[in-house]
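See below for the structure under consideration.
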Amino acid sequence: DAGVTQSPTHLIKTRGQQVTLRCSPKSGHDTVSWYQQALGQGPQFIFQYYEEEERQRGNFPDRFSGHQFPNYSSELNVNALLLGDSALYLCASSLGEYDTEAFFGQGTRLTVV
Amino acid sequence: DAKTTQPNSMESNEEEPVHLPCNHSTISGTDYIHWYRQLPSQGPEYVIHGLTSNVNNRMASLAIAEDRKSSTLILHRATLRDAAVYYCILRELEYGNKLVFGAGTILRVKS
């Protein structure tokens, strides 16, 4: 049973560019959440998708947007990249919005230069 | 968002028990206490959660104070593979499974 898979594992972008990160949830899971983890800090909640809608959002600007597809997979888009967007982006999946256990992927390491 | 306080780091000897403390004095009656850990170069991993009563599973035990203002994660026999950052999180019921991570406790295990 494949767990949460994220792609790509690493990428480097230039300031001002746009980036799309992808996440496939654990089999049977229908809810996807995205987190940003800066070096040496705990993950910070970006937003959560359920039934193809954004259900909750953390304190992140509109440059961060997402999408969930009918097969429950999800994308995170970041526009107008800043140096401060360099971080590990984590995707977590769960069964429903109130599931007690979230399963995390290994993350995408984004470096903005 | 609910807040927790944990020591920055702790050290343990292999094969010995480890008690990781967490203070959450502002906890409300419907907040669940969750523990996740993050091994090097991996995403966080669920460890255990509880509401009021102590909980045990194959990975660890969770001891919750009677007033719920603090809790302790207990690893019964630490191994080198338990070296990780341990996060104590209050999950607010009204926000579903949104997790608010703090800085966590870095656990070092010595052989």
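The values are calculated or read from the model by the stated rules, or taken from the named source; none is laboratory data. Only a predicted model underlies this, so the values are computations on that prediction, with no experimental measurement involved. FYI the Cβ positions are ideal-geometry reconstructions off the backbone, even for glycines, and counts take in every protein chain you see. Ligands, DNA and RNA are stripped out before the accessible areas are found, and what is left, the full protein with its side chains, is counted by its heavy atoms. Shrake-Rupley method; radii C 1.70, N 1.55, O 1.52, S 1.80 Å.
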Review point. What nm value, rounded to one decimal, do you get for the distance between residue A:17 and residue B:59 when each label is placed 7 Å out toward the C-beta?
Key: 3.5 nm
Exercise for review: Would you kindly derive the ³J(HN,Hα) couplings of region B:31-44 from the backbone phi angles with the Karplus curve 6.51 cos²θ - 1.76 cosθ + 1.60 (θ = phi - 60°), listing them in order in whole Hz, with x for Gly and Pro?
Suggested key: 7, 8, 9, 10, 10, 10, 10, 10, 6, x, 6, 10, x, x
Study note, to complete from the structure: Mean separation of Cα contacts under 8 Å (at least 6 apart) over the residue count of chain B, i.e. the relative contact order in percent, is 37 percent
Check your understanding: Does any residue of region A:30-72 lose at least 20 Å² of accessible area with all protein chains in place compared with its chain alone, and if so which ones (probe 1.4 Å)?
Key -> A:35, A:37, A:42, A:43, A:45, A:56
**Study point:** Selection from A:93, A:10, B:95, by position along the positive dipole direction of the protein assembly as shown (Cβ)
**Key:** A:10
Practice item. Work out the length of the dipole vector of chain B about its Cα centre, built from +1 on the beta-carbon of each Lys and Arg and -1 on the beta-carbon of each Asp and Glu, and round it to the nearest 20 debye. Key: 160 debye
Review point. Roughly to the nearest percent, how much of the accessible area of chain B is carbon and sulfur, given a 1.4 Å probe?
Key: 47 percent
**Study point:** Contact surface B-A: accessible area buried, both sides summed, square angstrom, 1.4 angstrom probe
**Key:** 1600 Å²
Practice item. Please report, in debye to the nearest 20, how large the charge dipole of the protein assembly as shown is about its Cα centre when each Lys and Arg carries +1 at its beta carbon and each Asp and Glu carries -1 there. Key: 680 debye
Study note, to complete from the structure: Expected max-MSF residue from B:45, B:11, B:94 in the GNM of chain B (alpha carbon, under 10 Å) is B:94
Review point. Taking H as built 1.01 Å from N, whose amide H comes closer than 5 Å to the amide H of residue B:84, not counting residues under 5 places away?
Key: B:107
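Is there a quick way to get the dipole size of chain A? I mean about its Cα centre, with the Cβ of Lys and Arg at +1 and of Asp and Glu at -1; what is the value in debye to the nearest 20? It would help to have the intermediate numbers written out before the result.
Numbers: 8 positive and 12 negative charges, 130 e Å.
The dipole of chain A has a size of about 620 debye.
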Check your understanding: Looking at region B:42-61, which residues lose a minimum of 20 Å² of accessible area between their chain alone and all protein chains in place, measuring with a 1.4 Å probe and not counting ligands or nucleic acids?
Key -> B:42, B:43, B:44, B:46, B:49
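For the pairs A:26/B:98; B:3/B:98; B:3/B:110, flag any whose C-alpha to C-alpha distance is greater than 21 Å. Each step should come with its number before you reach the end.
Numbers: A:26/B:98 17 Å; B:3/B:98 14 Å; B:3/B:110 30 Å.
Where the Cα-Cα span goes over 21 Å, the pairs concerned are B:3/B:110.
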Review point. Excluding ligands, DNA and RNA, what is the solvent-accessible area per residue of the protein assembly as shown at a probe of 1.4 Å, expressed in Å²?
Key: 49 Å²
Revision key, fill the gap. Taking a crude spin-label model, label points 7 Å out from Cα along the C-beta direction, the residue B:93 to residue B:79 distance in nm is 3.7 nm
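Just to be sure I understand: if I project the alpha-carbon convex hull of chain A onto a plane and average over all orientations, what area do I get in nm²? Please list the in-between numbers first.
Values: hull surface 26.3 nm².
Averaged projected hull area, Cα only: 6.6 nm².
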Study note, to complete from the structure: Counting all Cα-Cα pairs in chain B, those more than 21 Å apart amount in percent to 30 percent
Review point. Which ³J(HN,Hα) values, rounded to whole Hz and listed in residue order, are derived for region A:61-78 from phi using the Karplus coefficients 6.51, -1.76 and 1.60 in 6.51 cos²θ - 1.76 cosθ + 1.60 with θ = phi - 60°, glycine and proline given as x?
Key: x, 5, 4, 9, 9, x, 7, 10, 9, x, 8, 6, 5, 9, 10, 10, 10, 10
**Study point:** Simple label model, 7 Å out from Cα along Cβ direction - residue A:38 to residue A:60, nm
**Key:** 1.5 nm
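For chain A, with all protein chains present and a 1.4 Å probe, just round the carbon and sulfur fraction of the accessible area to a whole percent. Present the calculation step by step, with values, prior to reporting the outcome.
Values: 2570 of 5410 Å².
Ligands and nucleic acids excluded, carbon and sulfur give 48 percent.
Can you give me the relative contact order of chain A as a percent, contacts being Cα pairs under 8 Å and 6 or more apart? Can you show the working numbers first?
On the way: 296 pairs, mean separation 41.7, N = 113.
This gives 37 percent for chain A.
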Check your understanding: Residues of A:100-113, mean number of Cβ from any other protein chain within 10 Å of their own Cβ, rounded to a whole number?
Key -> 3
